[in-house]
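Enquirer: Please read through the structure below; I'll follow up with questions.
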Amino acid sequence: VQGTTYLLRVGGFNAASGTFGINVACTPAIPNNECTGAIALNVGTNGPFGNAGSTASAPTWGCGSGVTKDVWFSYTASANGPISVNTCTATRTIDSVLQAFTGSCASLTSIACNDDFCSTGSQLSFAAATG
């Protein structure tokens, strides 16, 4: 739990003594590592976000290759019309792949997928329906 101090104890098995190092690794919980935890986005620039510590999730990607660290976001359209989504921002430091779906997390339908629209950033455009 963030902010909690934990005490760790090290002992020598079978009365062993000597020197050692301790390596502590922290993988933060990623709330949007799976579709069901998608973070809602607003019109305009959102983030920055990261994918460190995330894992690959289903379904498989419709474009790009070797994608193994994905995170999920959602957007609810406030009007009918074309939508454009991209990762072509100055804060992007990864070669991104972007895919859009309709449906529910249990039944996803891919409607667009892109890899490398703006150098190593990605962009999607699709028709959206209100709600």
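Enquirer: Pairs of alpha-carbon atoms within less than 8 angstrom and 6+ residues apart define the contacts here; what relative contact order does the chain have, in percent?
Expert: Reported relative contact order: 22 percent.
Enquirer: While we're here: Which order do you get for ILE83, ILE94 if you rank them by accessible area with a 1.4 Å probe, largest at the top? Let's see the in-between values first.
Expert: Working: ILE83 30, ILE94 80 Å².
Reading off the accessible areas and sorting them downward yields ILE94, ILE83.
Enquirer: If you check each cysteine of the chain for another cysteine whose beta-carbon is under 4.7 Å away, which ones come up empty?
Expert: Taking the Cβ cut-off of 4.7 Å, the unpaired cysteines of the chain are CYS26.
Enquirer: With a 1.4 Å probe and all protein chains left in place, how much of the accessible area of the chain comes from carbon and sulfur atoms, in whole percent?
Expert: Here carbon and sulfur together make up 55 percent of the probe-accessible area.
Enquirer: Given Cα pairs under 8 Å that are at least 6 residues apart, what percent is the relative contact order of the range 61-125?
Expert: With pairs under 8 Å counted, the relative contact order is 36 percent.
The values are calculated or read from the model by the stated rules, or taken from the named source; none is laboratory data. Everything numeric in this text was worked out from a predicted model, so none of it was measured. Positions of Cβ are backbone-derived with ideal geometry, glycine not excepted, and every protein chain shown enters the neighbour counts. Areas reflect the complete protein model, heavy atoms only, side chains present, ligands, DNA and RNA absent. Shrake-Rupley method; radii C 1.70, N 1.55, O 1.52, S 1.80 Å.
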